[in-house]
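K.L.:
Here you go, one structure.
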Amino acid sequence: MNVLGIETSCDETSAAVVRGGTEVRSNVVSSQIALHRDHGGVVPELAARAQLTAIIPVVEAALAEAKLELDEIDAIAVTRGPGLAGSLLVGANFAKALAYARSIPLVGVNHLEAHLYANWLVPPESESTQPEFPVLALLVSGGHTELMLMTGHGRYAHLGRTLDDAAGEAFDKGARLLGLGYPGGPAIQQAAIGGRTDAFALPRAWLGESNDFSFSGLKTALLREVEPYRLPDPEPEPEDDAPFRKHRPPRFAETLPVADLAASYQEAIVDVLAVKTARAAEALDIRQVVLAGGVAANRALRERLAGEVDLRAGAMLRVPALMYCTDNAAMVAAAGYFALRRGAQSGWELDVASRLPIGGSDS
Ligand code: KG4
Ligand code: ZN
(Lines give C-alpha, C1' and ligand atoms only; values in the text may rest on other atoms or scores of the structure.)
(Ligands and ions follow the chains in the order given, each with its own letter.)
Protein backbone atom coordinates (compact mmCIF):
# COMPACT_ATOMS: atom_id res chain seq x y z
CA MET A 1 0.00 0.00 0.00
CA ASN A 2 1.44 3.37 -1.07
CA VAL A 3 0.51 6.19 1.30
CA LEU A 4 1.08 9.82 0.33
CA GLY A 5 1.96 11.78 3.47
CA ILE A 6 1.48 15.53 3.75
CA GLU A 7 2.97 17.64 6.55
CA THR A 8 2.34 21.39 6.90
CA SER A 9 2.03 21.91 10.67
CA CYS A 10 4.59 24.69 11.04
CA ASP A 11 7.34 26.05 8.80
CA GLU A 12 8.14 23.01 6.66
CA THR A 13 6.10 21.89 3.66
CA SER A 14 6.67 18.21 3.09
CA ALA A 15 5.22 15.37 1.00
CA ALA A 16 6.36 11.75 0.93
CA VAL A 17 5.38 8.37 -0.40
CA VAL A 18 5.84 5.44 1.97
CA ARG A 19 5.06 1.82 1.12
CA GLY A 20 3.77 -0.54 3.79
CA GLY A 21 4.34 2.01 6.56
CA THR A 22 8.11 1.49 6.57
CA GLU A 23 9.68 1.88 3.13
CA VAL A 24 10.29 5.48 2.08
CA ARG A 25 9.95 5.87 -1.68
CA SER A 26 10.30 9.64 -1.56
CA ASN A 27 10.42 12.41 1.04
CA VAL A 28 10.54 16.03 -0.10
CA VAL A 29 10.91 18.83 2.45
CA SER A 30 10.73 22.52 1.61
CA SER A 31 11.97 24.56 4.54
CA GLN A 32 11.09 28.16 5.33
CA ILE A 33 14.10 28.77 7.57
CA ALA A 34 15.39 31.63 5.41
CA LEU A 35 11.97 33.32 5.47
CA HIS A 36 11.76 33.41 9.28
CA ARG A 37 15.41 33.89 10.20
CA ASP A 38 15.30 37.70 10.22
CA HIS A 39 12.39 37.57 12.64
CA GLY A 40 14.16 35.30 15.11
CA GLY A 41 11.38 32.69 14.99
CA VAL A 42 8.37 31.51 13.01
CA VAL A 43 5.85 34.21 12.00
CA PRO A 44 2.55 32.28 11.67
CA GLU A 45 1.02 34.36 8.89
CA LEU A 46 4.16 34.18 6.75
CA ALA A 47 4.36 30.44 7.41
CA ALA A 48 0.78 29.79 6.26
CA ARG A 49 1.23 31.77 3.06
CA ALA A 50 4.47 29.99 2.23
CA GLN A 51 2.69 26.64 2.75
CA LEU A 52 0.12 27.72 0.19
CA THR A 53 2.67 28.44 -2.51
CA ALA A 54 4.84 25.38 -1.79
CA ILE A 55 2.26 22.61 -1.43
CA ILE A 56 1.63 21.72 -5.09
CA PRO A 57 5.28 21.73 -6.25
CA VAL A 58 6.28 19.71 -3.16
CA VAL A 59 3.61 17.03 -3.74
CA GLU A 60 4.53 16.86 -7.43
CA ALA A 61 8.20 16.46 -6.53
CA ALA A 62 7.36 13.65 -4.05
CA LEU A 63 5.42 11.73 -6.72
CA ALA A 64 8.18 12.27 -9.29
CA GLU A 65 10.88 11.13 -6.87
CA ALA A 66 8.86 7.99 -6.07
CA LYS A 67 8.37 7.44 -9.83
CA LEU A 68 4.65 7.09 -9.23
CA GLU A 69 1.54 8.58 -10.81
CA LEU A 70 -1.24 9.92 -8.64
CA ASP A 71 -3.45 6.92 -9.50
CA GLU A 72 -0.85 4.61 -7.91
CA ILE A 73 -1.42 6.23 -4.50
CA ASP A 74 -3.72 4.13 -2.30
CA ALA A 75 -4.38 6.55 0.59
CA ILE A 76 -3.49 10.01 1.88
CA ALA A 77 -2.29 10.81 5.40
CA VAL A 78 -2.15 14.42 6.54
CA THR A 79 -1.11 16.12 9.77
CA ARG A 80 -4.21 17.54 11.47
CA GLY A 81 -2.51 18.94 14.60
CA PRO A 82 -0.97 20.11 16.81
CA GLY A 83 0.56 23.07 15.01
CA LEU A 84 -0.21 26.48 13.55
CA ALA A 85 -3.83 26.53 12.38
CA GLY A 86 -3.14 28.52 9.20
CA SER A 87 -0.34 26.17 8.16
CA LEU A 88 -2.29 23.02 9.06
CA LEU A 89 -5.31 24.17 7.04
CA VAL A 90 -3.28 24.30 3.83
CA GLY A 91 -2.20 20.66 4.06
CA ALA A 92 -5.53 19.37 5.36
CA ASN A 93 -7.54 21.12 2.69
CA PHE A 94 -5.20 19.99 -0.07
CA ALA A 95 -5.22 16.38 1.18
CA LYS A 96 -9.00 16.38 1.39
CA ALA A 97 -9.43 17.68 -2.14
CA LEU A 98 -6.97 15.13 -3.53
CA ALA A 99 -8.50 12.17 -1.66
CA TYR A 100 -11.99 13.28 -2.68
CA ALA A 101 -11.05 13.67 -6.33
CA ARG A 102 -9.34 10.26 -6.40
CA SER A 103 -11.91 8.54 -4.14
CA ILE A 104 -9.21 7.11 -1.89
CA PRO A 105 -9.07 6.92 1.93
CA LEU A 106 -7.94 9.96 3.91
CA VAL A 107 -6.54 9.81 7.44
CA GLY A 108 -5.77 12.75 9.73
CA VAL A 109 -2.61 12.14 11.76
CA ASN A 110 -1.43 13.54 15.07
CA HIS A 111 1.94 15.25 14.43
CA LEU A 112 3.41 13.94 17.70
CA GLU A 113 2.41 10.39 16.89
CA ALA A 114 3.99 10.88 13.46
CA HIS A 115 7.29 11.84 15.11
CA LEU A 116 7.27 8.52 17.00
CA TYR A 117 6.57 6.61 13.79
CA ALA A 118 9.78 7.98 12.27
CA ASN A 119 11.26 5.01 14.15
CA TRP A 120 9.30 2.62 11.92
CA LEU A 121 10.92 3.98 8.73
CA VAL A 122 13.33 1.12 8.25
CA PRO A 123 15.10 0.84 4.88
CA PRO A 124 14.10 -2.46 3.20
CA GLU A 125 17.71 -3.45 2.55
CA SER A 126 18.78 -2.80 6.17
CA GLU A 127 19.28 -5.51 8.78
CA SER A 128 17.22 -3.67 11.39
CA THR A 129 13.65 -4.54 12.23
CA GLN A 130 10.76 -2.43 13.47
CA PRO A 131 10.54 -1.58 17.18
CA GLU A 132 8.91 -4.24 19.34
CA PHE A 133 6.34 -3.30 21.98
CA PRO A 134 6.40 -2.30 24.77
CA VAL A 135 8.48 0.72 23.79
CA LEU A 136 9.45 3.66 25.99
CA ALA A 137 9.33 6.81 23.85
CA LEU A 138 10.96 10.17 24.49
CA LEU A 139 9.48 12.78 22.19
CA VAL A 140 11.39 16.05 22.13
CA SER A 141 10.31 18.74 19.66
CA GLY A 142 9.94 22.48 19.45
CA GLY A 143 6.61 22.46 21.26
CA HIS A 144 6.57 19.18 23.21
CA THR A 145 8.56 17.07 25.62
CA GLU A 146 6.75 13.83 26.42
CA LEU A 147 7.82 10.57 27.96
CA MET A 148 5.39 7.79 27.17
CA LEU A 149 4.94 4.08 27.06
CA MET A 150 3.75 2.64 23.77
CA THR A 151 2.12 -0.73 24.34
CA GLY A 152 0.93 -1.27 20.76
CA HIS A 153 0.18 0.66 17.58
CA GLY A 154 -1.72 3.78 18.60
CA ARG A 155 -1.70 2.78 22.30
CA TYR A 156 0.01 5.25 24.61
CA ALA A 157 0.34 5.76 28.35
CA HIS A 158 1.68 9.15 29.42
CA LEU A 159 4.48 8.97 31.96
CA GLY A 160 5.73 12.55 32.02
CA ARG A 161 5.87 15.83 30.17
CA THR A 162 7.39 19.27 30.48
CA LEU A 163 5.86 21.57 33.05
CA ASP A 164 7.02 24.68 31.18
CA ASP A 165 9.31 24.96 28.12
CA ALA A 166 9.74 22.07 25.69
CA ALA A 167 13.28 20.78 25.12
CA GLY A 168 13.39 22.30 21.61
CA GLU A 169 12.06 25.56 23.00
CA ALA A 170 14.87 25.53 25.59
CA PHE A 171 17.39 25.17 22.76
CA ASP A 172 15.68 27.92 20.75
CA LYS A 173 15.45 30.35 23.68
CA GLY A 174 19.02 29.60 24.75
CA ALA A 175 20.28 30.29 21.23
CA ARG A 176 18.35 33.56 21.21
CA LEU A 177 19.91 34.62 24.52
CA LEU A 178 23.36 33.83 23.11
CA GLY A 179 22.60 35.72 19.88
CA LEU A 180 23.00 32.51 17.85
CA GLY A 181 19.87 32.77 15.75
CA TYR A 182 17.12 30.45 14.59
CA PRO A 183 16.55 27.52 14.70
CA GLY A 184 18.33 27.27 18.01
CA GLY A 185 19.04 23.54 18.35
CA PRO A 186 21.44 23.18 15.44
CA ALA A 187 22.98 26.59 16.30
CA ILE A 188 23.74 25.54 19.89
CA GLN A 189 25.05 22.15 18.79
CA GLN A 190 27.42 23.88 16.37
CA ALA A 191 28.51 26.56 18.84
CA ALA A 192 29.16 23.93 21.52
CA ILE A 193 31.85 22.19 19.47
CA GLY A 194 35.11 22.57 21.36
CA GLY A 195 33.36 24.05 24.42
CA ARG A 196 33.66 22.57 27.92
CA THR A 197 30.45 20.98 29.19
CA ASP A 198 31.47 21.62 32.82
CA ALA A 199 32.56 25.24 32.35
CA PHE A 200 29.34 26.59 33.90
CA ALA A 201 27.36 24.89 36.67
CA LEU A 202 23.90 25.33 35.17
CA PRO A 203 20.88 23.94 37.08
CA ARG A 204 19.08 20.66 36.38
CA ALA A 205 15.43 20.29 37.44
CA TRP A 206 15.32 16.64 38.54
CA LEU A 207 11.86 17.02 40.15
CA GLY A 208 12.40 14.08 42.51
CA GLU A 209 10.99 10.75 41.35
CA SER A 210 8.62 12.40 38.89
CA ASN A 211 8.88 11.70 35.15
CA ASP A 212 8.09 15.33 34.35
CA PHE A 213 10.60 17.85 33.04
CA SER A 214 11.22 21.57 33.51
CA PHE A 215 13.59 23.80 31.54
CA SER A 216 12.58 27.37 32.36
CA GLY A 217 15.00 27.69 35.31
CA LEU A 218 17.88 26.71 33.06
CA LYS A 219 17.04 29.48 30.62
CA THR A 220 16.97 32.04 33.45
CA ALA A 221 20.36 30.80 34.68
CA LEU A 222 21.83 31.26 31.19
CA LEU A 223 20.44 34.78 31.05
CA ARG A 224 22.25 35.55 34.31
CA GLU A 225 25.56 34.25 32.90
CA VAL A 226 25.42 36.31 29.67
CA GLU A 227 24.14 39.55 31.18
CA PRO A 228 27.59 40.87 32.30
CA TYR A 229 28.86 40.62 28.69
CA ARG A 230 25.86 42.36 27.11
CA LEU A 231 26.47 45.56 25.12
CA PRO A 232 23.77 48.25 24.82
CA ASP A 233 21.25 47.74 22.00
CA PRO A 234 21.70 50.01 18.98
CA GLU A 235 19.11 52.70 18.21
CA PRO A 236 15.92 51.15 16.74
CA GLU A 237 15.61 51.39 12.96
CA PRO A 238 12.44 52.50 11.10
CA GLU A 239 11.72 48.94 9.84
CA ASP A 240 11.41 47.80 13.46
CA ASP A 241 7.80 49.01 13.19
CA ALA A 242 7.08 46.92 10.09
CA PRO A 243 4.14 44.48 10.40
CA PHE A 244 6.46 41.51 10.84
CA ARG A 245 9.08 42.89 13.15
CA LYS A 246 12.73 42.12 12.52
CA HIS A 247 14.57 40.41 15.36
CA ARG A 248 17.65 42.28 16.58
CA PRO A 249 19.95 39.78 18.25
CA PRO A 250 21.68 40.87 21.47
CA ARG A 251 25.26 42.11 21.12
CA PHE A 252 28.03 40.94 23.42
CA ALA A 253 31.61 41.77 24.29
CA GLU A 254 34.05 39.59 22.36
CA THR A 255 35.08 37.92 25.60
CA LEU A 256 31.71 36.11 25.86
CA PRO A 257 32.66 32.42 26.22
CA VAL A 258 30.12 31.23 23.64
CA ALA A 259 31.44 27.70 23.14
CA ASP A 260 31.64 26.97 26.89
CA LEU A 261 28.19 28.45 27.51
CA ALA A 262 26.61 26.54 24.59
CA ALA A 263 28.30 23.28 25.63
CA SER A 264 27.28 23.65 29.30
CA TYR A 265 23.72 24.61 28.34
CA GLN A 266 23.34 21.70 25.90
CA GLU A 267 24.77 19.32 28.49
CA ALA A 268 22.25 20.49 31.12
CA ILE A 269 19.33 19.70 28.77
CA VAL A 270 20.77 16.40 27.57
CA ASP A 271 21.70 15.26 31.08
CA VAL A 272 18.16 15.54 32.43
CA LEU A 273 16.52 14.03 29.33
CA ALA A 274 18.90 11.07 29.24
CA VAL A 275 19.00 10.23 32.94
CA LYS A 276 15.25 10.56 33.55
CA THR A 277 14.38 8.48 30.48
CA ALA A 278 16.88 5.77 31.43
CA ARG A 279 15.53 5.73 35.00
CA ALA A 280 12.00 5.21 33.67
CA ALA A 281 13.22 2.39 31.41
CA GLU A 282 14.86 0.75 34.40
CA ALA A 283 11.77 1.13 36.62
CA LEU A 284 9.48 -0.32 33.93
CA ASP A 285 11.97 -2.99 32.87
CA ILE A 286 11.80 -1.84 29.25
CA ARG A 287 14.21 -3.22 26.64
CA GLN A 288 13.44 -0.82 23.77
CA VAL A 289 13.58 2.95 23.93
CA VAL A 290 12.85 5.24 20.99
CA LEU A 291 13.81 8.88 20.61
CA ALA A 292 11.83 11.20 18.33
CA GLY A 293 11.18 14.85 17.39
CA GLY A 294 13.44 17.60 16.12
CA VAL A 295 15.71 17.53 19.19
CA ALA A 296 16.39 13.83 18.45
CA ALA A 297 18.73 15.20 15.78
CA ASN A 298 21.03 16.41 18.56
CA ARG A 299 24.24 14.41 18.51
CA ALA A 300 25.01 14.78 22.22
CA LEU A 301 21.51 13.58 23.15
CA ARG A 302 21.67 10.57 20.82
CA GLU A 303 24.99 9.47 22.26
CA ARG A 304 24.25 10.17 25.91
CA LEU A 305 20.79 8.61 25.87
CA ALA A 306 22.08 5.44 24.18
CA GLY A 307 24.73 5.16 26.90
CA GLU A 308 22.35 5.79 29.80
CA VAL A 309 19.60 3.38 28.71
CA ASP A 310 22.19 0.68 28.13
CA LEU A 311 23.91 1.31 31.46
CA ARG A 312 20.84 1.66 33.68
CA ALA A 313 18.31 -0.60 31.97
CA GLY A 314 20.28 -2.81 29.58
CA ALA A 315 17.96 -1.37 26.94
CA MET A 316 18.55 -0.54 23.30
CA LEU A 317 17.96 2.95 21.94
CA ARG A 318 16.53 3.45 18.48
CA VAL A 319 16.78 6.82 16.80
CA PRO A 320 15.40 7.88 13.43
CA ALA A 321 17.80 8.86 10.65
CA LEU A 322 18.56 12.59 10.98
CA MET A 323 16.27 13.61 8.10
CA TYR A 324 13.30 11.91 9.81
CA CYS A 325 13.85 13.67 13.18
CA THR A 326 12.80 17.17 12.16
CA ASP A 327 9.43 17.72 10.49
CA ASN A 328 8.88 15.56 7.41
CA ALA A 329 5.99 13.81 5.67
CA ALA A 330 7.49 10.30 5.61
CA MET A 331 6.73 9.95 9.32
CA VAL A 332 3.17 11.18 8.68
CA ALA A 333 2.68 8.55 5.96
CA ALA A 334 4.03 5.84 8.30
CA ALA A 335 1.73 6.84 11.17
CA GLY A 336 -1.16 7.11 8.68
CA TYR A 337 -0.51 3.60 7.35
CA PHE A 338 -0.67 2.04 10.83
CA ALA A 339 -3.73 4.15 11.71
CA LEU A 340 -5.54 3.00 8.55
CA ARG A 341 -4.65 -0.60 9.36
CA ARG A 342 -6.52 -0.26 12.64
CA GLY A 343 -9.50 1.30 10.87
CA ALA A 344 -8.93 4.97 11.70
CA GLN A 345 -10.06 6.51 8.40
CA SER A 346 -11.18 10.17 8.54
CA GLY A 347 -14.40 11.55 7.10
CA TRP A 348 -14.68 14.62 4.86
CA GLU A 349 -15.49 16.66 7.96
CA LEU A 350 -11.85 16.29 9.13
CA ASP A 351 -10.76 19.48 10.90
CA VAL A 352 -7.39 20.76 12.10
CA ALA A 353 -6.54 21.35 15.78
CA SER A 354 -3.76 23.63 16.99
CA ARG A 355 -3.71 21.65 20.25
CA LEU A 356 -4.08 17.91 20.04
CA PRO A 357 -2.93 15.49 22.73
CA ILE A 358 -1.41 12.23 21.57
CA GLY A 359 -3.43 9.11 22.25
CA GLY A 360 -6.55 11.02 23.29
CA SER A 361 -9.94 10.00 21.94
CA ASP A 362 -9.53 12.80 19.43
CA SER A 363 -6.22 11.78 17.90
O1 KG4 B 1 10.03 18.36 15.45
P2 KG4 B 1 10.45 19.69 14.96
O3 KG4 B 1 11.12 19.78 13.62
O4 KG4 B 1 9.24 20.68 14.96
C5 KG4 B 1 8.26 20.63 15.94
O6 KG4 B 1 7.37 19.75 15.83
O7 KG4 B 1 8.39 21.44 16.89
O8 KG4 B 1 11.40 20.26 16.08
C9 KG4 B 1 11.97 21.52 15.97
C10 KG4 B 1 12.84 21.73 17.19
C11 KG4 B 1 13.38 23.13 17.28
O12 KG4 B 1 13.20 23.58 18.61
C13 KG4 B 1 14.86 22.95 16.96
O14 KG4 B 1 15.69 23.92 17.59
C15 KG4 B 1 15.13 21.56 17.48
O16 KG4 B 1 13.98 20.83 17.13
N17 KG4 B 1 16.30 20.94 16.86
C18 KG4 B 1 17.41 20.61 17.55
C19 KG4 B 1 18.34 20.11 16.60
N20 KG4 B 1 17.76 20.15 15.37
C21 KG4 B 1 16.49 20.66 15.55
N22 KG4 B 1 17.70 20.70 18.85
C23 KG4 B 1 18.92 20.31 19.26
N24 KG4 B 1 19.88 19.86 18.42
C25 KG4 B 1 19.64 19.75 17.09
N26 KG4 B 1 20.58 19.28 16.27
ZN1 ZN C 1 7.56 18.31 14.65
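The values are calculated or read from the model by the stated rules, or taken from the named source; none is laboratory data. Predicted model, so just to flag it, every value in this text is computed and none were measured. Using ideal geometry, Cβ is built from the backbone for each residue, glycine included, and neighbour counts are taken over all protein chains shown. Calculation scope for accessible area: heavy atoms of the full protein, side chains included, ligands and nucleic acids excluded. Shrake-Rupley method; radii C 1.70, N 1.55, O 1.52, S 1.80 Å.
K.L.:
Rounding to the nearest 20 debye, state how big the charge dipole of the chain is about its Cα centre with +1 on each Lys and Arg Cβ and -1 on each Asp and Glu Cβ.
P.N.:
Working: 32 positive and 45 negative charges, 93 e Å.
Dipole of the chain, to the nearest 20 debye: 440 debye.
K.L.:
Here's something else I'd like to know. Take every Cα pair under 8 Å in the stretch 116-160 that's 6+ residues apart, average their separations, divide by the length, and report that relative contact order as a whole percent.
P.N.:
Values: 55 pairs, mean separation 11.4, N = 45.
Computed over the stretch 116-160, the figure is 25 percent.
K.L.:
Where Lys and Arg each count +1 and Asp and Glu each count -1, what net charge lies around L121 among other residues with Cβ under 12 Å from its Cβ? Intermediate values should be presented prior to the final figure.
P.N.:
Working: positive: R19, R25, R318; negative: E23.
Combined, the nearby Lys, Arg, Asp and Glu give +2.
K.L.:
List the lysines whose Cα lies under 19 Å from the Cα of K173, skipping any in the same chain that are fewer than 8 positions away.
P.N.:
Once the sequence-local lysines are set aside, what remains near K173 is K219, K246.
K.L.:
Sticking with this structure for a sec: Taking amide H atoms as placed 1.01 Å from N in the peptide plane, list the residues 5 or more away in sequence, or in a different chain, whose amide H sits under 5 Å from that of R196.
P.N.:
D260
K.L.:
Run through the DSSP bridge list for the chain and note the antiparallel percent, rounded to the nearest 5.
P.N.:
About 60 percent, rounded to the nearest 5.
K.L.:
Here is a follow-up. Rounded to the nearest Å, what's the spacing between the alpha carbon centres of the stretch 42-75 and the stretch 275-298? Just the number, please.
P.N.:
Measuring centre to centre over Cα atoms gives 33 Å.
K.L.:
Per-residue HN-Hα couplings for the stretch 249-255, Karplus 6.51 cos²θ - 1.76 cosθ + 1.60 at θ = phi - 60°, whole Hz, x for Gly and Pro?
P.N.:
Result, rounded to whole Hz: x, x, 10, 10, 4, 5, 6.
K.L.:
Moving to a separate point now. Could you tally the net charge around S264, taking each other residue with its Cβ under 12 Å from the Cβ of S264, Lys/Arg +1 and Asp/Glu -1? Intermediate values should be presented prior to the final figure.
P.N.:
On the way: positive: R196, R204; negative: D198, E225, D260, E267, D271.
For residues surrounding S264, the net value is -3.
K.L.:
A further question on this structure: Regarding the chain, what's the average projected area of the Cα-atom convex hull, expressed in nm²?
P.N.:
The directionally averaged projection comes out at 18.6 nm².
K.L.:
Work out from phi, with θ = phi - 60° and the Karplus expression 6.51 cos²θ - 1.76 cosθ + 1.60, the ³J(HN,Hα) of each residue of the stretch 52-61, listed in order in whole Hz, and give x for Gly and Pro.
P.N.:
Rounded to whole hertz, the list is 4, 7, 8, 4, 5, x, 5, 5, 4, 5.
K.L.:
Continuing with this model, one more query. Computing the accessible area with a 1.4 Å probe over protein heavy atoms, can you report the carbon and sulfur percentage for the stretch 1-144? Please list the in-between numbers first.
P.N.:
Values: 2900 of 5450 Å².
Whole-percent figure for carbon plus sulfur exposure: 53.
K.L.:
Sticking with the crude label model, points 7 Å out along Cα→Cβ, report the distance from R355 to L311 in nm, one decimal please.
P.N.:
According to this spin-label approximation, the distance is 3.8 nm.
K.L.:
Now, a different point. List every residue whose amide H lies under 5 Å from the amide H of F215, counting only residues 5 or more places away in sequence or on a different chain, with H placed 1.01 Å from N in the peptide plane.
P.N.:
L163, D164, D165
K.L.:
Follow-up question, since we're still on this one. Let me have the relative contact order for the chain, percent, based on Cα pairs under 8 Å that are six or more residues apart. Mind showing how you got there, number by number?
P.N.:
Details: 830 pairs, mean separation 91.2, N = 363.
The normalised contact order for the chain reaches 25 percent.
K.L.:
Note down the net charge around P183, summing +1 for each Lys or Arg and -1 for each Asp or Glu among other residues with Cβ under 14 Å from its Cβ.
P.N.:
With Lys, Arg at +1 and Asp, Glu at -1, the net is -3.
K.L.:
Next question, about the same structure. Using a 1.4 Å probe, what is the accessible area per residue for the chain, in Å²? Intermediate values should be presented prior to the final figure.
P.N.:
Values: 15920 Å² over 363 residues.
On a per-residue basis, 44 Å².
K.L.:
Considering amide H positions built from the backbone, and no H for Pro or chain starts, which residues 5 or more places from S26, or on another chain, come under 5 Å of its amide H?
P.N.:
V17
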